[in-house]
Amino acid sequence: MAADSRSLNELFTHDAFIDRHIGVDATARHHMLEALGADSMAELLDHAIPPDIRLKNELELAEPVSELEALTRLKGMMGRNRVMRNHIGAGYYGTIMPAVIARNVLENPGWYTAYTPYQPEIAQGRLEGLLNFQQMVMDMTGMALANASLLDEATAAAEAMALCKRANRKNKSSAFFVADHIFPQTLDVVQTRAKWLGLEVIVDRLETLEQYDVFGALVQYPAEDGRVADLGDLIERAHDRNIMVAVATDLLALALLKPPGEMGADIALGSAQRFGVPMGFGGPHAAFFAVNDDLKRSMPGRVIGVSRDRHGKPALRMAMQTREQHIRREKATSNICTAQALLANIAGFYAVYHGPEGIRTIATRVHRMARILAHGLKVGQINVENEHFFDTLTLRVDDADTLQQRAEAAGHNLRYREDGRVGISLDETTTLQDLESLFTVILGDQHGHDIAAIDAELQKTDAQLPPSCQRQSSFLTHPTFSRYHSETEMLRYLKRLENRDLSLTHAMIPLGSCTMKLNATTEMVPLSWTECADIHPFAPESQVPGYLKMIEELGDYLVEVTGYDAISMQPNSGAQGEYAGLLAIRRYQQSIDEGHRHICLIPSSAHGTNPASAAMASMKVVVVECDANGNIDLDDLQAKAEKHSADLSAIMLTYPSTHGVFEEGVRRACEIVHQHGGQVYIDGANMNAQVGLCRPGDYGGDVSHLNLHKTFCIPHGGGGPGMGPIGVKAHLTAHLPSHVHCQGKTRFEPGTAVASAAFGSALILPISWAYIVMMGARGLREASEAAILNANYVAHRLSEHYSVLYRGRKGHVAHECIIDIRPLKAASGIDEEDIAKRLMDYGFHAPTMSFPVAGTLMIEPTESESRHELDRFCEAMIAIRQEIRAIEQGDVARDNNVLVNAPHTQFDLYSDDWPWPYSREQAAFPTQDTKTAKFWPSVNRVDNVYGDRNLICSCPSIDDYRED
Ligand SMILES: *Cc1c(COP(=O)(O)O)cnc(C)c1O
């Protein structure tokens, strides 16, 4: 073998993750720079980024480590968490994710790398999964309509309050009643939200509702201490007084309990966690939200509906609220954007897999074991407080501390309440050995209970549920919930749905602002570890040192990346981060006697969540115009800042702007706002252009959210999960959200939390931790550089064929570019939607449509794409441009061509009838690539208008799929 001149160390660089994450290698980079007329990356960056904001040094982060090393470290760290038998309950329960779902959905990039189904023709799989979830929620709760998930139970409760306020036109009160038996973390988030909407929250015993004049009430069923009581009369009396009632509830309990819908509830909400999704130290989990018929069209969040395609076949799509915030901005019904699609899909599949009988069996088992436990404890002279319960008992004990020691020694976590009482919740994972062990822990070794004998005794009596609360109605009756109970059937169902969806496993997804980059397998591995997944968010601090350490380290890295002083991991999405950040600003201003400041300046180009979040923080939005080059009009900003100087609270800036350009004036914009006493919120969704190159904390930001599901590699999951931690400057640190269950360094301040769990969706934080650790400072910077290079390369290649809307001072874009379709539309009738659908025939997902400018497409390639893939995409776009040219030149009819008829399905191609003026090959196999590997849209173009007019959000009957 010939001598190899490389050093031993160099031979190890082959393991570097950086080159696996970044798609463009040195040779390709060289060619691409050449194409752009730049001598070096340094020159490109000098031209693209204003010099006055450039970071002078490399970030201070440790050297990058290999994938194996990252996993070894993480395993060592998370291995210090203690996995217990958890009976804490309080909204989080043990559950078993069926292995067929774990391997084929949670651990499968075909599911987790997809985007929100804005392009329904290539998303029918997850749309069906989400429709199953909605149907499951509607069935279990007995409500008329459910959405496709919210972020968590507590924010769902806050949304319920806001919905009652919006919808209740008969009762003008500004007070909201919350029964004192709801989970403490739910109450806390409701209080945060109420305070900033100017609503009063009255917390009192359920029975006192009659005494108050309120527009709505929130009650829980079963209650937080396990009690079950019929709510029917209460709801009826509330309605008589024009009070709307929202019921927080539990899906598993509803298999045995009369559903809230049958008791007249207006809204039902809760967490779908215990339908197969691990606790994960707090999330991610799908919250559910369901309403009665009257509230159908005011539902917050995304709703999947049934429409039809151009051939009249049933086809699914997101109904009504598609891009709602972008249209309604500060008048939007909520700021929810990213939700919990992947987790909703998993919960829906759990219901599909178990079916009505399986769910009933699990619920019955849990209830029966709780009865055995209650009975055994009572016989042992323990005071069990609740007579009626589903799965949770509350005990009065003399010495909770000793009990805690004994329980922990035996591996059990119970809920130790502040008032000294002890809660025990049972769940799907509870075994007979657990019951034995709990008897021993609570009653001593000599308890003498024979579980089988107690069970036999109890079977002679009725369930421990109030007779009027026992469920009579059936649920999960749709055939989907009965068809896939064998593993073979389930596996094939999951695969069939997956195959309908285009994800990153097929092609680049160039969605501007969404940063669809690599979600590396190594980053995903820890999610399946029991020491990450099976940790209760309210476990004692001593049991979770691994989690706390990982969160602290990730926080430190993000501080370094952003230039801020502190990080809060609580917000579960970018939009929640915006809300938490704006509240930090408002609370800070109150603390210095400037609480009257309430004007929020927002550029016209902003993402729709910005004004929606500002409205939730009771701010008044004043729009700042953009100039002809897409930059913030600094004169207009100056004028508006002056005009509102006395009341100016903040500006919300996105940087680089949503126009895809590093604006020169960003420092100046921040200065203007600061001069007028305002704070600067920088929307960090576009951090992918900045990491290692510039830092919002350096050029004027006071607070930013980071979309960890964009820049920091958490997969989009088909519309969630996400994480939107916020970074703040020191003066805002004291105003970050706190939490009723404080762990680590947080302190508790009521009414400041924005999520159910202290650290949001902690289970997915190791993804971002691993990404940063494997990239190191150099890798992160090179990723940003490659993202900028790739975007400029695409802009350059397309600019001969399309007009690139905005560019910086030297003609460059940042990490994304906008192409203008309006001139083409004028000349040919073809619009951005036709191009989006035609791209499907070429095997691609469309870029972002009509955001931030109507009639445009925004392309963000990210650093993870190779030059080969960028070229493939550009060639598809260029070929489509030729097809448009043929229309412009009159060679092809404007109303019957390969674009307006796109996308084309297999059925179109193979049907005997081919009435179109172009060939089948041109329709479906326009490139060599499509001939080798074809991705087929599963339906033809979906009719949006029809779907909204005929709102159907439940699983369609099988007959609907039959040909007439
Ligand atoms: C994605 C995005 C948001 C919202 O983030 P979510 O996590 O979806 O709530 C806000 N601003 C911009 C510019 C974004 O691209």
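Remarks
- Alpha-carbon Debye profile of region 528-658, log10 I(q)/I(0) at 0.09 Å⁻¹: -0.38
- Convex hull volume of the Cα atoms of the chain, normalised per residue: 182 Å³.
- Rounded to whole Hz, the Karplus (6.51, -1.76, 1.60) HN-Hα couplings of region 232-240, x for glycine and proline: x, 5, 4, 5, 4, 5, 4, 4, 4
- Per-residue HN-Hα couplings for region 157-172 [Karplus 6.51, -1.76, 1.60; θ = phi - 60°; Hz; x = Gly/Pro]: 5, 5, 5, 5, 4, 4, 5, 4, 5, 5, 8, 7, 8, 8, 10, 8
- Normalised by the number of residues in region 550-641, the average gap of Cα pairs under 8 Å and 6 or more apart makes the relative contact order 20 percent.
- For region 446-478 and region 96-156, distance of Cα centres in Å: 31 Å
- Mean separation of Cα contacts under 8 Å (6+ apart) over length of the chain, as relative contact order %: 20 percent
- Rg to Rh, two decimals, where region 805-964 supplies the alpha carbon set and Rh follows Kirkwood: 1.00
- Antiparallel content of DSSP bridges confined to the chain, in %, to 5: 55 percent
- Estimated from helices alone, the mean residue ellipticity of the chain at 222 nm is -11500 deg cm²/dmol (sum of -39500 (n - 2.57) over DSSP H runs with n ≥ 4, per residue).
- Cubic angstrom per residue, convex hull over Cα atoms of region 885-954: 137 Å³
- The tail of the calculated P(r) for region 726-771, taken as Cα-Cα distances beyond 11 Å, holds 71 percent of the pairs.
- Couplings for region 756-765, taken from phi via the Karplus curve 6.51 cos²θ - 1.76 cosθ + 1.60 with θ = phi - 60°, read 5, 10, 4, 10, x, 9, 4, 4, 9, 5 Hz in order; Gly and Pro are left as x.
- The order of Tyr350, Tyr118, Tyr484, going from fewest to most other C-beta atoms within 10 Å of their C-beta, is Tyr118, Tyr484, Tyr350.
- Low-density loop cleavage sites - trypsin sites (Lys or Arg not before Pro) in region 89-173, where at most 13 other Cβ are within 10 Å (DSSP): Arg169, Lys170, Lys172
- Beyond 18 Å, the tail of the calculated P(r) for region 776-882 holds 47 percent of the Cα pairs.
- Ellipsoid equivalent to region 61-146 - semi-axes via the Cα gyration tensor, in Å: 33, 24, 12
- Put simply, the amide H of Phe288, placed in the peptide plane, has neighbours under 5 Å in Leu150, Gly270, Ser271, Ala272, leaving out anything fewer than 5 places away on its chain.
- Peptides 653-659, 842-848 ranked from most to least packed, by the mean per-residue count of other Cβ atoms within 10 Å: 653-659, 842-848.
- To the nearest ten degrees, helix 124-141 and the longest principal axis of the Cα atoms of the chain are 20 degrees apart.
- Region 620-777: antiparallel DSSP beta bridges as a percent of all, rounded to 5: 35 percent
- Calculated FRET value between Thr488 and Glu262, using beta carbons and R₀ = 56 Å, to 0.05: 0.95
- Estimated D of region 407-465 in µm² per second, where Rh is the Kirkwood radius over Cα pairs and Stokes-Einstein applies at 20 °C, 1.002 mPa s: 162 µm²/s
- Between the Cα long axis of helix 487-499 and the first principal axis of the chain there is an angle of about 30°, rounded to the nearest 10.
- Remark: Ile767, Ile336 ranked as Ile767, Ile336, counting other beta-carbon atoms within 10 Å and listing the fewest first.
- Cross-link partners of Lys460 among lysines (Cα-Cα below 25 Å; sequence separation of 8 or more within a chain): Lys258, Lys378
- Average projection area in nm² (convex hull over Cα atoms of region 187-291, one quarter of hull surface): 7.4 nm²
- Peptides 282-289, 66-73, 679-686 ordered by average Cβ neighbours within 10 Å, highest first: 282-289, 679-686, 66-73
- The label point for Asp891 and the one for Ser803, both projected 7 Å from the Cα toward the Cβ, are 2.4 nm apart.
- Stretchable slack from Ala35 to Thr477, in nm (0.36 nm times residue separation minus alpha-carbon distance): 153.1 nm
- Relative contact order of region 711-829: 17 percent, from C-alpha pairs under 8 Å at least 6 residues apart in sequence.
- Cα gyration tensor shape for region 495-602, rounded if a/c is under 1.5, else prolate or oblate: oblate
- Val303 long-range amide H proximity, modeled H, under 5 Å: Ala148, Ala319, Gln321
- The distance separating the Cα centre of region 822-845 from that of region 283-298 comes to 34 Å.
- In Å, descending, principal axis extents of the Cα set of region 329-437: 57, 38, 28
- For region 470-540: rounded, prolate or oblate by the Cα gyration tensor [a/c cutoff 1.5]: oblate
- Viscosity 0.692 mPa s, 37 °C: Kirkwood-radius Stokes-Einstein D of region 681-822 over Cα pairs, µm²/s: 188 µm²/s
- If you take the Cα centroid of region 51-73 and the Cα centroid of region 848-926, the two points sit 40 Å apart.
- Burial order of peptide ranges 398-410, 610-622, 148-160, 370-382 (average beta-carbon count within 10 Å, highest first): 148-160, 610-622, 370-382, 398-410
- Region 246-340 - convex hull of the alpha-carbon atoms, volume per residue in Å³: 155 Å³
- Once backbone amide H atoms are built at 1.01 Å from N, Ala217 has Phe177, Met244, Val245, Ala246 as its partners under 5 Å, excluding neighbours fewer than 5 places away on the same chain.
- Across all directions, the average projected area of the convex hull around the alpha carbons of region 118-260 is 9.5 nm².
- In the chain, the longest principal axis of the Cα atoms and the axis of helix 545-562 are about 30 degrees apart.
- Kirkwood Rh (inverse of mean 1/r, distinct Cα pairs), region 645-715, angstrom: 12.6 Å
None of the figures in this text is laboratory data; all of them are computed from the coordinates on show. These numbers were taken from a predicted model, which means no experiment stands behind them. All Cβ positions, glycine included, derive from the backbone under ideal geometry; neighbour counts span all protein chains shown.
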